[in-house]
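Chemist: Right, I'll just put the structure down here and ask away after.
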């Protein structure tokens, strides 16, 4: 039976499939334990649990939080973004839900500021700037948290760029605006205060928000985790769609040595559909007190 603890939905995040579509696909693929980990949102958790029950799939609550992190030994102490996954938290915990509302509201403000900077680039290039109608068109595609992927998709649709990668490389990286800062200590306090566990996501993802921003050395990454994260985290996402074999084995060994829980997931946004493709051992379920039949 398969496990996938890192999936994003269209309903509450930047995925391409709705929750019913995700669970229908998960059922077809034989996924037995799943978690929807939308960005800064717990709004889909109750519906996800209901759909999991309907399809006979085990479910644990999930959430992805973006954290501002710094280490004095790297980049002159300048902050970087890292992603963390919260699991098995109380989906009705009010302090956590209030913070998530604040983060989502700031995402809307941030997206508008990014569009303003993109328009400055368009004007310099003698392109027609985005109008209020364009903004409304982009917002109409947003079911969850408003972010740069929605702007990128619109740029592709309008023929401004060939693909999302070009949108980011040509405009959205340069026109970025910082997210609402959330410290690791606060993320940990909110997650644990809601009865959950906090896990560093894809620690060595070469293409994402990861410790690769500071160093590509797995040994150095793990020393950073040991020095600066141990009081705040419960585990590590060892298995990930962009972790190679060496990275997976290294992080498994590190997590076992340090007594951290190990999780894994595809980080599927459904383009392409990756869910369930990574082999994640049944022991991952045991760490959450979940018993998978027929292990």
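Chemist: May I ask you to give the average projected area over all directions of the convex hull of the Cα atoms of the chain, in nm² rounded to one decimal?
Modeler: Details: hull surface 60.9 nm².
Value for the chain: 15.2 nm².
Chemist: Also, I was wondering about something else. Provide the gained length on full extension for the span residue 132 to residue 228, in nm with one decimal, where the gain is 0.36 nm per separating residue minus the Cα-Cα distance.
Modeler: Working: separation 96, 0.36 × 96 = 34.56 nm, distance 4.39 nm.
Using 0.36 nm per residue and subtracting the Cα-Cα distance, I get 30.2 nm.
Chemist: For helix 148-157, report the angle its Cα long axis makes with the longest principal axis of the Cα atoms of the chain; keep it between 0 and 90° and round to the nearest 10°.
Modeler: Helix 148-157 and the main axis of the chain meet at about 50 degrees.
Chemist: In addition: What is the spin-label model distance, in nm, from residue 207 to residue 90 if the labels are put 7 Å beyond Cα along the C-beta direction?
Modeler: Roughly 3.9 nm, to one decimal.
Chemist: Express the Stokes-Einstein translational diffusion coefficient of region 100-172 in µm² s⁻¹, to the nearest whole number, given a Kirkwood radius over alpha-carbon pairs, 37 °C and a viscosity of 0.692 mPa s. Write down the numbers at each step before the final one.
Modeler: Working: Rh = 12.5 Å.
For the chosen part, D equals 262 µm²/s.
Chemist: On to the next question. To the nearest 0.05, what FRET efficiency results for residue 189 and residue 75 with a Förster distance of 35 Å applied to their C-beta separation?
Modeler: 0.85
Chemist: What is the fewest-to-most order of 1, 262 by other Cβ atoms lying within 10 Å of their Cβ?
Modeler: Numbers: 1 15, 262 21.
With the sparsest Cβ surroundings first, the list reads 1, 262.
Chemist: For the pair residue 141/residue 173, report the inter-label distance in nm, with labels modelled 7 Å from Cα in the Cβ direction.
Modeler: Once both label points are built, they end up 2.1 nm from each other.
Chemist: On full extension of the chain, what length is gained from residue 46 through residue 180, given 0.36 nm per residue of separation minus the C-alpha to C-alpha distance? Please report the intermediate quantities before stating the final value.
Modeler: Working: separation 134, 0.36 × 134 = 48.24 nm, distance 2.58 nm.
Contour length minus the Cα-Cα distance gives 45.7 nm.
Chemist: Could you work out, for region 210-262, what percent of all Cα-Cα pairs fall into each 10 Å distance bin, beginning at 0 Å and stopping at the bin that holds the largest distance?
Modeler: With 10 Å bins starting at 0, P(r) equals 25, 63, 13.
Chemist: So if I take the centroid of the Cα atoms in region 178-214 and the same for region 5-35, what is the distance between those two points in Å?
Modeler: 22 Å
Chemist: Expressed in nm to one decimal, what extension gain is obtained for the pair residue 271 and residue 123 from 0.36 nm per residue of sequence separation less their Cα-Cα distance? Kindly include the intermediate steps, with their values, before the conclusion.
Modeler: Numbers: separation 148, 0.36 × 148 = 53.28 nm, distance 3.16 nm.
Between residue 271 and residue 123, full extension yields an extra 50.1 nm.
Chemist: FRET efficiency for residue 108 and residue 163, Cβ-Cβ distance as r, R0 = 30 Å, nearest 0.05? Could the numbers behind the result be given before it?
Modeler: Details: r = 25 Å, r/R0 = 0.84.
That pair, residue 108 with residue 163, gives E of 0.75.
Chemist: Could I ask something else about it? Classify region 143-207 from the C-alpha gyration tensor, please: rounded if a/c falls under 1.5, else prolate or oblate depending on whether a/b exceeds b/c. Let's see the in-between values first.
Modeler: Working: a/c = 2.71, a/b = 2.37, b/c = 1.15.
Since a/c reaches 1.5 and a/b is larger than b/c, the shape of region 143-207 is classed as prolate.
Since every read-out is calculated from the coordinates, none of them should be taken as a lab result. Note that the structure is a prediction, hence the values are computed from the model and not measured. Quick reminder, even Gly has a Cβ in these numbers, built from the backbone with ideal geometry, and neighbours come from all protein chains shown.
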